[in-house]
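The values are calculated or read from the model by the stated rules, or taken from the named source; none is laboratory data. Given the structure is predicted, the values throughout are model-derived calculations rather than measurements. A quick note on method: Cβ atoms are made from the backbone with ideal geometry, for glycine too, and the neighbour counts reach across all protein chains shown.
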Amino acid sequence: MARANDEAAAALQEYADLFAMTGGDAFRVRSYQKAAKAIAGHPEDIAGGDVRSVPGVGEAIAKKIEEFLQRGSFRQLDDLRGRIPEGVRRMTRIPGLGPKKAVFLFTELGIDSPDALREAITAGRLSGVKGLGPRTAENLLKGIEQMEQAGRRVHIGIATELAEKVIASLSDDRVERIAYAGSLRRMKDTIGDIDVLAVGPAELMADFRAMPYVAEVIAAGEKKTSIRTTGGVQVDLRLIPAESWGAAMQYFTGSKEHNVRIREMAVKKGWKLSEYGLFEGERVIASRTEEEIYEALGMPWIPPTMREDGGEVAAALRGELPEVVTLDDLRGDLHTHTDLTDGIASLGDMVAAAAGLGYSYYAVTDHAPDLVMQRMTLDKALAQRERLARLQESYPGMRLLHGTELNIGPDGSVDWPAEVLAGFDVTVASVHSHFNQSRDEMTARFIAACDNPQVHIIGHPTTRKIGKRGPVDADWDAVFRRAAATGTAMEIDSYPDRSDLPDDLVRLARHHGVKFSIDSDSHAIPHLVNQRYGVGIAQRAWLTTDDVINTWPLDRLLAFLGREGR
């Protein structure tokens with residue numbers, strides 16, 4: 001997705017938030033929020049076309065976006081920024097603190113920043129204030145901590161987009177090779193900084209420092225330059241000798257612990273391993289490719305996502321490294337949305353985009369009625385099923401599955417009775433509310449959903465949103481044991497600010513025998529390709545195709561869902 005779309009959408013969302021904070025009309029607030037969502041999910045670059053072609057963008061909003069594309073802001077946004085202090089705007093990013101409460105704290109108590117709010121809570125200044133009891137105050141302190149941690153790291157979607165932008169900006173005929181390494185190549189769910197390696201001329205460093213995305217040059221040298229982008233992310237560019245490319249990629253990709261283990265193996269052989277190569281004295285044993293480095297040490301190449309010192313070296317030495325799932329192994333997507341509920345694109349457009357990805361099967365899983373804001377009804381769901389059946393005639397090579405994303409209520413119940421659920425091909429059940437239930441309550445809630453024979457997949461299980469909301473508290477061992485016993489799959493939601501289940505819980509679930517579904521949770525056409533992030537999580541957890549139900553042939557998948565013969 002084009003960066004201009006993201007930036008314009010973020011500006012509109014900020015305007016909507018500030019407009020709400022200053023008492024703006026709720027209908028206009030929603031119109032700007034919807035336009036922001038539509039622009040972010042638009043498959044074409046608005047910088048190269050007419051923003052009026054985006055559904056939901058009228059003349060007034062279009063003029064603001066056109067001004068934003070010209071100068072990076074628009075007049076009305078500048079005006080509102082001047083009325084609300086920057087520190088108060090930052091307070092709205094604290095999980096659990098909305099715009100109205102932030103304005104109240106500012107106007108009534110003079111609290112004008114997250115730091116000031118933390119001081120007020122610890123000093124007891126909020127005791128007795130309506131709506132800000134001890135539990136709320138405790139949650140706000142946790143929220144401030146989460147926000148500060150998120151401020152130091154970005155989720156993998158932001159980091160990947162930025163890394164690809166940097167690489168594209170530096171790629172020309174002079175550059176022989178260029179790629180990113182580090183924790184991003186290992187596909188960690190959050191990234192502190194980005195490492196880019198290149199084989200090219202020395203002038204590349206000056207070109208890098210002059211790029212429009214550079215806000216600050218942290219350090220400048222002949223072989224390494226560090227900058228901070230306008231989004232606050234540090235990017236390090238290193239120039240690498242062509243003959244050392246493989247050694248450098250190995251050195252700058254593996255975790256510290258993985259690299260220590262590899263270097264210890266080299267030392268035991270009387271060799272030295274560095275970013276320049278594997279050496280015996282002055283003799284180069286290997287340096288040009290990563291495969292050569294690992295082969296010289298008696299191992300097959302280890303996928304970057306597995307280089308965390310989690311037993312991968314020992315497994316490689318024994319010849320027991322699993323063949324982890326890849327993006328090419330995925331045959332379909334089992335969790336997607338359309339504009340019938342909270343998606344951007346129509347049913348026809350989403351299906352066409354899925355067909356373009358070469359899927360064998362594709363599920364549409366719009367929200368069920370208990371998520372009241374989506375205004376779903378059984379009549380709407382059945383009408384969608386009929387449209388999907390008609391569309392199926394145009395896609396003989398891709399099986400269309402009609403599904404639903406259910407809401408797991410506080411007691412573990414889900415929308416719609418069993419006889420209605422039996423009509424769906426696939427059901428994804430997710431927690432969308434009551435996130436602060438106790439550990440025992442949340443555990444019982446998930447177990448009840450797993451016990452429901454009409455629930456096939458538990459969607460985004462921890463419910464976390466990176467930088468915005470922490471995970472729910474549950475006894476995951478107990479949940480996964482029940483899921484394995486009932487044949488309920490756990491989702492790896494690939495949406496980058498979710499990355500849910502995270503890899504540590506995927507490993508735990510796999511230990512208990514759980515199967516998984518790697519889904520995009522798409523709400524727009526550009527989201528469909530997010531599955532690459534879910535595959536990264538699966539690889540970090542050592543999953544194979546046998547563990548992932550949407551790598552299976554259609555007949556095996558339908559058997560798992562209990563829908564054979566349909």
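Points to keep in mind about this one:
- In the stretch 166-183, residue farthest from residue 198 (Cα to Cα) [restricted to those that are in contact (Cβ under 8 Å) with a residue 60 or more places away in the chain, touching a Phe, Trp or Tyr at 6+ places or on another chain (Cβ under 8 Å) and surrounded by 15 or more Cβ atoms within 10 Å (Cβ to Cβ)]: 182
- Qualifying residue in the stretch 528-535 (condition: under 14 Å from residue 361 (Cα atoms), touching a Gly at 6+ places or on another chain (Cβ under 6 Å) and not assigned by TED's automatic domain parsing to the domain that holds residue 6): no
- If only residues of the stretch 438-469 that are in a loop (DSSP other than H, G, I, E, B) and among the basic types (Lys, Arg) are counted, the one that is surrounded by the fewest Cβ atoms within 10 Å (Cβ to Cβ) is 468.
- Comparison of 424, 435 shows that the only residue that is surrounded by fewer than 19 Cβ atoms within 10 Å (Cβ to Cβ) and aromatic (Phe, Trp, Tyr) is 435.
- Residues located in the stretch 192-216, provided they are touching a Gly at 6+ places or on another chain (Cβ under 9 Å), surrounded by 18 or more Cβ atoms within 10 Å (Cβ to Cβ) and free of Cβ contacts under 8 Å to residues at least 40 places away in the same chain: 205
- Every residue from the stretch 507-528 that is under 28 Å from residue 346 (Cα atoms) and touching a residue at least 40 places away in the same chain (Cβ under 8 Å): 517, 518, 519, 520, 521, 522, 523, 524, 525, 526, 527, 528
- Listed by position, the helices (runs of 4 or more DSSP H) enclosed by the stretch 1-95 that each have at least 3 residues that are among the charged types (D, E, K, R) and within 30 Å of residue 163 (Cα to Cα) are 3-21, 59-71, 86-91.
Here is a yes/no grid of residues against (1) crowded, with 24+ Cβ neighbours inside 10 Å; (2) on the phi > 0 side of the Ramachandran plot; (3) small (Gly, Ala, Ser):
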| residue | (1), (2), (3) |
| --- | --- |
| 485 | no, no, yes |
| 491 | yes, no, no |
| 494 | yes, no, yes |
| 502 | no, no, no |
| 510 | no, no, no |
| 517 | yes, no, yes |
| 521 | yes, yes, no |
| 525 | no, no, no |
| 536 | yes, no, yes |
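- Residue satisfying condition, being within 25 Å of residue 7 (Cβ to Cβ) and at pLDDT below 95, within set 151, 221, 143, 182: 151
- Of the residues contained in the stretch 513-523, one or more are found to be among the aliphatic types (A, V, I, L, M) and closer than 17 Å to residue 332 by Cβ.
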